[in-house]
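Written below as structure tokens is the structure these notes are about.
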Amino acid sequence: MANNREILLVKRPRKEPASDHLTITETDMPVPDEGEVLLRLLYVSVDPYMRCRMNEEASPMTPFELNQPLEGGAIAEVLESRSPKLNAGDIVTGNLLWREYSAADPGSLRRIDASLAPATTALHVLGLTGLTAYFGLMDIGKPQEGETVVISGAGGAVGSTAVQIATIAGARVVGIAGREDKVELIQKLGAAEAINYHEADFSQALQAACPEGVDVYFDNVGGEISDAVYPLLNKFARVVQCGAISSYNKPHDQGPRHQKHLLASSAIMKGFAVHDYRDRFPEGLQFLTKWLNEDKLTYEETIIEGFEQIPDALFGLFRGTNIGKQLVRVAKPGQEKE
């Protein structure tokens, strides 16, 4: 019988998560009940929001429990089905435990049609990543043709998708990232300007890139990068607060006050979680699929191999090691159980 490894949260990080906060252990192989399916994990998505769920206090999502497996977006293969809803060999996606083999309710899973797009797109551009960019921009940001949209974290999974959606809307896009290869990616995706925030004159470079001010700010980062954007907000600007990765590992992080800039610009600022739009997911997927098929959307993936690499992939998010979507491949479809 195959080993069944899982990844547990054993200690809550106070700052940046590290190897002593997680452990890999073995558990029993599951046996699906009537109406369930047996899954083998194929791909795991690691995402910045997972850092918030490691905290004990409440976040937009329920905190992870200590000494229990973490969970997140994943792709799996159905090895055995005791349900008429799915068949052995189906490839599915859902919010799954970080466990190599699991029993699951088919109602929590979505079958992937790999003939329409590569299966991994269900974890980014045709999944929660794409939906986050879509609803954040189109429902809150509402970019108009000719407006200037600034996107922080523009070389990441959500940010790079947001760059393209804003461009589709006819906006002039300025992307911010922390590495030169990400700057090159942002330019390739259609941004008018791309800036490395490590530049000594970052604030001046941002101001020069936005000569007519900023109409929409799609913020994935917060911190000092956002401090440089707020003084540039135009009248009635919209700030989309999608993330704040710069402060996730700084529990007492504080910075300059931005209220005066919101007052002066009559801007709105709204935070959101993609699950706020659960009832509208079909709408978002319809547009994202259409744009992907029309070659208006593309994507980048950073894929590393091996179940045991999942923790390091997660930690790497906070060092900016990935371009586009960070995934871990655990197994290949049809691979025999060891």
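The values are calculated or read from the model by the stated rules, or taken from the named source; none is laboratory data. Everything numeric in this text was worked out from a predicted model, so none of it was measured. Don't worry about glycine lacking a Cβ; one is built from the backbone with ideal geometry, like all the others, and counts go over all protein chains shown.
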Cross-chain or 6+ apart pairs with Cβ under 6 Å, region 176-193 first and in the same structural domain as G223 (by TED's automatic domain parsing) and on the phi > 0 side of the Ramachandran plot, then surrounded by 19 or more Cβ atoms within 10 Å (Cβ to Cβ) and not in a loop (DSSP other than H, G, I, E, B): G190/T167
Extreme residue, surrounded by the fewest Cβ atoms within 10 Å (Cβ to Cβ), among residues of region 57-92 that are within 28 Å of F272 (Cα to Cα) and of a type in the set (V, I, T): T62
Residue within region 231-243 that is touching a Gly at 6+ places or on another chain (Cβ under 6 Å), closer than 14 Å to A154 by Cα and crowded, with 21+ Cβ neighbours inside 10 Å present: yes
Test result for T161, within 18 Å of the chain's Cα centre (by Cα) and not assigned by TED's automatic domain parsing to the domain that holds E184: no
Those residues of region 117-145 which are touching a Lys or Arg at 6+ places or on another chain (Cβ under 7 Å), in a loop (DSSP other than H, G, I, E, B) and farther than 25 Å from I303 by Cβ, in sequence order: K142
Lone unmet requirement of (1) more than 19 Å from L285 (Cβ to Cβ); (2) assigned by TED's automatic domain parsing to the domain that holds N67; (3) crowded, with 16+ Cβ neighbours inside 10 Å; (4) in contact with a helix residue (DSSP H, G or I) (Cβ under 8 Å, 6 or more places away or on another chain) for I151: (2)
Where a residue in region 294-320 is in contact (Cβ under 8 Å) with a residue 24 or more places away in the chain and its partner, wherever it lies, is among the aromatic types (F, W, Y), with Cβ under 6 Å and at least six apart: L297/W291
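Each row is one residue, and each column tells you yes or no for (1) assigned to a helix (DSSP H, G or I); (2) modelled with pLDDT of 95 or more; (3) in the same structural domain as D47 (by TED's automatic domain parsing); (4) closer than 16 Å to R51 by Cα.
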| site | (1), (2), (3), (4) |
| --- | --- |
| H252 | no, no, no, yes |
| L262 | yes, no, no, no |
| I310 | yes, yes, yes, yes |
| F315 | yes, no, yes, yes |
| K325 | no, no, yes, no |
Single condition A88 does not satisfy, out of (1) farther than 22 Å from T129 by Cβ; (2) in contact (Cβ under 8 Å) with a residue 12 or more places away in the chain: (2)
Single condition F218 does not satisfy, out of (1) touching a Phe, Trp or Tyr at 6+ places or on another chain (Cβ under 7 Å); (2) closer than 19 Å to K325 by Cβ; (3) in a strand (DSSP E or B): (1)
